Amino acid sequence: MLKEFRDFAMRGNVIDLAIGVIIGASFGAIVNSLVKDILMPPLGLLLGKVDFANLFWVLKTGTPGEPYATLADAQAAGAVTMNYGLFINVIVSFVIVAFAIFLLIRTVNRMQKPAPAAAPTTKECPYCFTTISIKAKRCPSCTSQL
């Protein structure tokens, strides 16, 4: 059983999948940083100095009551919050990842398209079914007018 597992794990598809998962996790970290550190600060500034990570609704207050300046303050106080700002960050990250995957798949599909077929140079005589040149006006085998 151990030998079978080793053979399975060392198959090319499994190793390719493992590499894909590792690269995907790294790509996800890059996109998360892009959203959190690059895109959201200017977007928040345009929307009136809003930090999306600190957008939340308090469902139940904690020991020191409201108001809470940041999500970290609310969580430290033990408040129950709905963190819709973090959800917005995740949605933006998802859209960026989905668009990047779309571009990658589109590029791969374009590279895999077969070359267009060459124009045919022969045709079949409708009377005797002999293969003849596409330019022929008369079949050389049965002498029919084409």
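The values are calculated or read from the model by the stated rules, or taken from the named source; none is laboratory data. Quick caveat: nothing in here was measured; it's all calculated off a predicted structure. Glycine also receives a Cβ, built like all others from the backbone with ideal geometry; neighbour counts cover every protein chain displayed.
Table for the structure above
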{"item": "Flag if ILE96 is closer than 30 Å to PHE56 by Cβ, touching a helix residue (DSSP H, G or I) at 6+ places or on another chain (Cβ under 6 Å) and either touching a residue at least 60 places away in the same chain (Cβ under 8 Å) or hydrophobic (A, V, I, L, M, F, W, C) (or both)", "result": "yes"}
{"item": "2 or more residues at pLDDT 90 or above and surrounded by 15 or more Cβ atoms within 10 Å (Cβ to Cβ): qualifying strands (runs of 3 or more DSSP E) within the range 46-146", "result": "none"}
{"item": "Residue within the range 101-108 that is basic (Lys, Arg), free of Cβ contacts under 8 Å to residues at least 12 places away in the same chain and farther than 21 Å from VAL31 by Cβ present", "result": "no"}
